[in-house]
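**Student:** My questions will all concern the structure given below.
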Amino acid sequence: MMRFLLLFSRQGKLRLQKWFTPMSEREKKKIIRDMTTMVLARQPRSCNFLHWKDLKVIYKRYASLYFCLAIENQENELIALEVIHRYVELLDKYFGNVCELDIIFNFEKAYFILDEFLIGGEIQETSKQMVNRSIEASDMLQEVRCAGTHSHTQHETWLASVV
Amino acid sequence: MPAVSKGDGMRGLAVFISDIRNCKSKEAEIKRINKELANIRSKFKGDKALDGYSKKKYVCKLLFIFLLGHDIDFGHMEAVNLLSSNKYTEKQIGYLFISVLVNSNSELIRLINNAIKNDLSSRNPTFMCLALHCIANVGSREMAEAFASEIPRILVAGDTMDSVKQSAALCLLRLYKTSPDLVLMGEWTSRVVHLLNDQHMGVVTAAISLITCLSQKNPDEFKTCVSLAVSRLSRIVSSASTDLQDYTYYFVPAPWLSCKLLRLLQCYPPPEDGAVKGRLVECLETILNKAQEPPKSKKVQHSNAKNAILFEAISLIIHYDSEPNLLVRACNQLGQFLQHRETNLRYLALESMCTLASSEFSHEAVKTHIETVINALKTERDVSVRQRAADLLYAMCDRSNAKQIVAEMLSYLETADYSIREEMVLKVAILAEKYAVDYSWYVDTILNLIRIAGDYVSEEVWYRVIQIVINRDDVQGYAAKTVFEALQAPACHENMVKVGGYILGEFGNLIAGDPRSSPLVQFNLLHSKFHLCSVPTRALLLSAYIKFINLFPETKATIQEVLRCDSQIRNSDVELQQRAVEYLKLSSIASTDVLATVLEEMPPFPERESSILAKLKKKKGPGAVSVPDLEDGKREGGELNGGGERGPDSAAMSASNASTPSPSADLLGMRSAAPMSAAPTSAGSLLVDVFSEAGPAAPSAAVNDDGFLRFVCKNNGVLFENQLLQIGIKSEYRQNLGRMYLFYGNKTSVQFASFTTTVSCPGELQSHILSILRLNVQTKPVEPVVEGGAQIQQVLNIECLTDFSEAPLLNIKFRYGGALQNLSLKLPVTINKFFQPTEMTSHDFFQRWKQLSQPQQEAQKIFKANHSMDTEVLKAKLLGLGTALLDDVDPNPENYVCAGVIQTKGQQVGCLLRLEPNGQAQMYRLTLRCSKDSVSLRLCELLAQQF
């Protein structure tokens, strides 16, 4: 199973944290620190896998964001790498050319999409259509519709453009 | 389309986030946050009731603040209120807040559970899913108690929507992992297995994770999943890339599900049913074939998904380890990847090959890639890849290529990354020892190791080289010569000085004939390093000096001079000062005979598992150090170590304890074994009455006594082993005292948490035997956590106060992946362990025999032979029993006669034994006569099960 998923920027700013097993706040902070330093220190074009304690850490950079997923030792690295990619695709499909700002301003949506995709560290649904259908369905249930609060500026890179 | 217009934009939240982003400094950010917190607090406390939207907005702000890394100590109640809102988005934010923050505030759990209960019974699939996600996210025990019986019902109910089934399956898995005791198997289990046949691929994908976990824990109950999984896999593998619509990922059909299916099959041995097996082999072959086909897309996602399946298939092939054909194909495939331009694939190929190397079918095939792997070690840019290459070299090493591999690893060490040096050092040390054909090579290698990477050479490594040199007299001269040469270097590592000091102190005489290394030259060389060394090394050198005085009387004056000088005899370090004073005194007053006895050469070390291996196991998960390899290492290590059954010679041991005033570096824990003979005075402080700790409470786990009987006639071995844990035992007994070392090895890659052990003595034993439980903090701090692949040690001091028949119980509890494991074992402490052998003549024997003629003093049993009746085997067993085996006593040479005295604190119990085998009938008659009747009975009982 997966143990945690972290999204952080090139500057090491945490954008999303998902823990699939219970952990104390102290442990979480330590892991976040370890992961950001470890991953940010990697040379470009290194492999996407690391060993960390008894876990495997799979990371990949999309534009300004690093996605970092820890899995248990016997799990498959390549398929985990594609878990990350599928999540990026899901975000992209929902936000339309997703960028870091979308995730900052709509962090709750990023969590909701993740919950439709993964539960308890296992994959619930791999179909992009199915996940999006459930997210759209819940959006339909909303009463209030507001205008957007930000639009993309040219400084923001779309995550999926580097996909 | 701007994304947020889809959402329910909370304007206030967006403004707040912008504000935070615009803060120029951390202080400004904190100020802004505090302002917001004050605002929210006043809103929550205000008289005016908040509407749902505002509540949602504020809760969401709190969540944002928390995720920024600030503490949140209010708002939980408002979040819980949101759960019962009938507006979806409010409910959703409420659940999100609970999922992220709840473990810090569990008193609300009842309210939360109520809300969840309502949503689960709402029959609204979206609400049900939200509730299930929340349970899965929190996964606490309270939630398991509340919902563990409800969720299986939802999962298998006929009218449950697919999306709810998916959530329910994974939610149940989560609860099963945290509280397996609360998830009861039942009628639903068989229906869960059939979800593998479900039409909806999403349902299968979710369910298979649950099924895999359940199968691991209850393989028999879920056996039927094997054939279902094979047929599902076969359908996917043979489908065209478009058949599965949205479950096809970059032209690869259902890669996640395929990997999961292959993983599930790894919980089981190869299918017995020929048809199923044939179909599976066909699948595996198809997967291997597909790897050779040209890619259907240039996208990396395509090749990743395809290769993910391939690697998983290879794992299954390795797991079965029974299809030489497939194994060799797998190995060739990995060989191709070793040179692939994708770094990821090179990395994974190296990793998978490590496991292939331990299979007898593919070991040779792996070895053919040695040059490529060595090249990877030298040229890969990425340190993680180099590390995998080093792991693989270690795994593929055998007698034929050991010299080459060790040489490559040594040369790599000179430039290796700091992060992996220590591990490399351990590996080199282990390989050098394991495959040493000549010991001079071994000594050279280790000294090179110290020279190249001295800082990374841990104590275990240099202890080990000393241990081996001491046990092998054919290498001692060479070792002395080599360290002497190594010490000539103007700058040499302190570890080299330690080894040099120790070895010259023991074996300097072997090279003293050469004027270039005369005693005085040796001494001056060592002493020239003295002032640069740390206190422990200096202490060791002082011991070497006193040994010099014994070996070479001509150095006495010089050394006494050194000892006498103020910097030694008045050294501010108490250990150094004491040694200097004592050695000086010893050398001046003791006669040469006494000196020679006290400073005698160290006796051979008892054979034991290389502590380096233990250290490596601790450092690395079992992934990198394959287990069969290690076992192998242990065996061969022992062989090198002098071999044979050389029990610890306790007399020599105590002498050596007196003679080597324990070099402060405690060589292989000899010192910790010393109090054994040193006696009860020192033991007093170590003794902890187990009863005050453990209490007489009966352990809940069934007592496992399988291992118990195997230890009546032996002291060392594996007491217990299951899939998670291995418990090894080493024990020594002297008089009425014993010491038992328990080694707990975690065989998994996952840590054991809350690891506790208690020893209790049932019933009558309570008043008789005091088992003393003490953790040996010096050598291995035993924490409540045993990391994956690691081993911890526990020492039990045992004192026999009077005779007994019940064995103490060892109870072990720990958490493994959330599941509480509880284990009770009988410790093999039996009355015969306290035997002192007694030699006596035939005449004496029969005299004693007659004296013990009261009927209750004798116990007799006639029983059928359960084991070989071979003379040597019988003799070994009787000796293992602890008694003296007396020859020429019994008029019938076929019979065996033994005598011994059982030492308890209060009294001594004399015992005589006679064993009469009848080869023809395959029967024995066993007779015991002891001065205490209960002992006769107990011994007779114990022994009757041994032959």
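**Student:** Before we move on, is residue B:309 of a type in the set (A, V, I, L, M), assigned to a helix (DSSP H, G or I) and modelled with pLDDT of 95 or more?
**Tutor:** Working: of a type in the set (A, V, I, L, M): yes; assigned to a helix (DSSP H, G or I): yes; modelled with pLDDT of 95 or more: yes.
Spelling it out, residue B:309 is indeed of a type in the set (A, V, I, L, M), assigned to a helix (DSSP H, G or I) and modelled with pLDDT of 95 or more.
Residue-by-condition table, conditions (1) within 14 Å of chain A (Cβ to nearest Cβ); (2) surrounded by 15 or more Cβ atoms within 10 Å (Cβ to Cβ):
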position	(1), (2)
B:326	no, yes
B:386	yes, yes
B:400	no, no
B:409	no, yes
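**Student:** Specify the residue that is surrounded by the most Cβ atoms within 10 Å (Cβ to Cβ); the eligible residues are those in region B:109-155 that are away from every other protein chain (no Cβ under 12 Å) and part of a loop (DSSP other than H, G, I, E, B).
**Tutor:** B:148
**Student:** Would you tally the residues in region B:325-357 being more than 25 Å from residue B:251 (Cβ to Cβ), in a helix (DSSP H, G or I) and in contact with a Ser or Thr (Cβ under 8 Å, 6 or more places away or on another chain)?
**Tutor:** Count: 8.
**Student:** Can you tell me which residues in region B:849-862 are surrounded by fewer than 17 Cβ atoms within 10 Å (Cβ to Cβ) and either of a type in the set (D, E, K, R) or assigned to a strand (DSSP E or B) (or both)?
**Tutor:** B:850, B:860, B:861, B:862 - these are the residues of region B:849-862 that are surrounded by fewer than 17 Cβ atoms within 10 Å (Cβ to Cβ) and either of a type in the set (D, E, K, R) or assigned to a strand (DSSP E or B) (or both).
**Student:** Still on this structure: Scanning region B:169-186 for residues that are more than 15 Å from residue B:146 (Cβ to Cβ) and over 27 Å from the mean Cα position of the chain (by Cα), which turns out nearest to the other protein chains (Cβ to nearest Cβ)?
**Tutor:** Among them, the one singled out is B:170.
**Student:** Sticking with this one: Might you check whether a residue that is within 9 Å of another protein chain (Cβ to nearest Cβ), of a type in the set (S, T, N, Q) and closer than 23 Å to residue B:140 by Cα occurs anywhere in region A:107-125?
**Tutor:** Checked region A:107-125: at least one residue is within 9 Å of another protein chain (Cβ to nearest Cβ), of a type in the set (S, T, N, Q) and closer than 23 Å to residue B:140 by Cα.
**Student:** Among the residues of region A:95-104, which ones are part of a helix (DSSP H, G or I) and more than 7 Å from chain B (Cβ to nearest Cβ)? Give the steps one after another, and end with the answer.
**Tutor:** At the first step, the residues of region A:95-104 found to be part of a helix (DSSP H, G or I) are A:95, A:100-104.
Within region A:95-104, A:100, A:101, A:103 qualify.
**Student:** Still on this structure: Go through (1) under 37 Å from the mean Cα position of the chain (by Cα); (2) not in a helix (DSSP H, G or I); (3) not hydroxyl-bearing (Ser, Thr, Tyr) for residue B:199 and report which single condition fails.
**Tutor:** All conditions are met except number (1).
**Student:** Restricting attention to region A:40-63, does a residue exist that is part of a helix (DSSP H, G or I) and among the hydrophobic types (A, V, I, L, M, F, W, C)?
**Tutor:** Initial filter on region A:40-63 (part of a helix (DSSP H, G or I)): A:40.
Narrowing the set further to residues that are among the hydrophobic types (A, V, I, L, M, F, W, C) leaves A:40.
Yes, that holds for at least one residue.
**Student:** Answer yes if at least one residue in region B:202-209 is over 22 Å from residue A:123 (Cβ atoms), crowded, with 22+ Cβ neighbours inside 10 Å and among the hydrophobic types (A, V, I, L, M, F, W, C), and no otherwise.
**Tutor:** Initial filter on region B:202-209 (over 22 Å from residue A:123 (Cβ atoms)): none.
There is no residue in region B:202-209 that is over 22 Å from residue A:123 (Cβ atoms), crowded, with 22+ Cβ neighbours inside 10 Å and among the hydrophobic types (A, V, I, L, M, F, W, C).
**Student:** Any chance region A:70-86 includes a residue that's surrounded by fewer than 21 Cβ atoms within 10 Å (Cβ to Cβ) and more than 10 Å from chain B (Cβ to nearest Cβ)?
**Tutor:** Checked against the condition, which is being surrounded by fewer than 21 Cβ atoms within 10 Å (Cβ to Cβ) and more than 10 Å from chain B (Cβ to nearest Cβ), region A:70-86 yields at least one hit.
**Student:** Restricting to helices (runs of 4 or more DSSP H) lying wholly in region B:462-562: which have 3 or more residues that are under 36 Å from the mean Cα position of the chain (by Cα)?
**Tutor:** It comes to B:473-487, B:494-507, B:535-551.
**Student:** Do you know which of the residues in region A:126-142 that are in a helix (DSSP H, G or I) and farther than 21 Å from residue B:203 by Cβ is nearest to the other protein chains (Cβ to nearest Cβ)?
**Tutor:** A:139
**Student:** Still on this structure, please answer the following. Does any residue in region A:69-86 that is basic (Lys, Arg) come within less than 7 Å, Cβ to Cβ, of a residue that is outside any helix (DSSP H, G or I) six or more places away or on a different chain, and which pairs are these?
**Tutor:** What qualifies is A:86/A:126.
**Student:** Also, quick follow-up: Looking at B:144, B:168, which is the one that is small (Gly, Ala, Ser) and modelled with pLDDT of 95 or more?
**Tutor:** Being small (Gly, Ala, Ser) and modelled with pLDDT of 95 or more holds for just one of B:144, B:168, which is B:168.
**Student:** Is it the case that residue A:49 is crowded, with 22+ Cβ neighbours inside 10 Å, modelled with pLDDT of 90 or more and more than 7 Å from chain B (Cβ to nearest Cβ)? Explain how you work it out, then say what you get.
**Tutor:** Values: crowded, with 22+ Cβ neighbours inside 10 Å: yes; modelled with pLDDT of 90 or more: yes; more than 7 Å from chain B (Cβ to nearest Cβ): no.
No; evaluated as a whole, the condition is false for this residue.
**Student:** Taking residue A:64, is it under 25 Å from residue B:250 (Cβ atoms), of a type in the set (S, T, N, Q) and more than 10 Å from chain B (Cβ to nearest Cβ)?
**Tutor:** In short, yes.
**Student:** Take residue B:797 and tell me if it is on the phi < 0 side of the Ramachandran plot, surrounded by 19 or more Cβ atoms within 10 Å (Cβ to Cβ) and modelled with pLDDT under 80. Full working, then the answer.
**Tutor:** Values: on the phi < 0 side of the Ramachandran plot: yes; surrounded by 19 or more Cβ atoms within 10 Å (Cβ to Cβ): yes; modelled with pLDDT under 80: yes.
Judged against the criteria, residue B:797 is a match.
**Student:** Just one of the numbered conditions (1) closer than 20 Å to residue B:208 by Cβ; (2) at pLDDT 95 or above is not true of residue B:244; which one?
**Tutor:** Among (1) closer than 20 Å to residue B:208 by Cβ; (2) at pLDDT 95 or above, the lone unmet condition for residue B:244 is (2).
**Student:** State all residues of region B:413-423 that are buried (at least 17 other Cβ atoms within 10 Å of the Cβ) and either within 14 Å of chain A (Cβ to nearest Cβ) or within 25 Å of residue B:362 (Cβ to Cβ) (or both); if no residue qualifies, say none.
**Tutor:** Residues satisfying the conditions are B:420, B:423.
**Student:** Applying the selection to region B:277-300, what residues are modelled with pLDDT under 95 and within 14 Å of chain A (Cβ to nearest Cβ)?
**Tutor:** Answer for region B:277-300, where residues must be modelled with pLDDT under 95 and within 14 Å of chain A (Cβ to nearest Cβ): B:291, B:297, B:298, B:299, B:300.
**Student:** For region B:224-251, which positions are in contact with a Ser or Thr (Cβ under 8 Å, 6 or more places away or on another chain) and closer than 21 Å to residue B:281 by Cβ?
**Tutor:** Within region B:224-251, B:224, B:225, B:233, B:236, B:237, B:238 meet the criteria.
**Student:** Only one of A:91, A:118, A:141 is modelled with pLDDT under 95, crowded, with 22+ Cβ neighbours inside 10 Å and more than 20 Å from residue A:47 (Cα to Cα); which?
**Tutor:** Checking each option against the conditions leaves just A:91.
**Student:** Out of B:19, B:51, B:47, I need the residue that is more than 8 Å from chain A (Cβ to nearest Cβ) and at pLDDT 90 or above. Which one? Spell out how you get there, then give the answer.
**Tutor:** Working: B:51 fails: at pLDDT 90 or above; B:47 fails: at pLDDT 90 or above.
Selected residue: B:19, the only one of B:19, B:51, B:47 that is more than 8 Å from chain A (Cβ to nearest Cβ) and at pLDDT 90 or above.
**Student:** Among the residues of region A:1-43, which ones are facing another protein chain (nearest Cβ under 10 Å) and not charged (D, E, K, R)?
**Tutor:** A:1, A:14, A:16, A:17, A:19, A:20, A:21, A:22, A:23, A:24, A:32, A:43
The values are calculated or read from the model by the stated rules, or taken from the named source; none is laboratory data. Every value quoted in this text rests on a predicted model; they were computed, and no experiment measured them. Methodologically, a virtual Cβ is constructed for each residue, glycine included, from the backbone with ideal geometry; neighbour enumeration extends over all protein chains shown.
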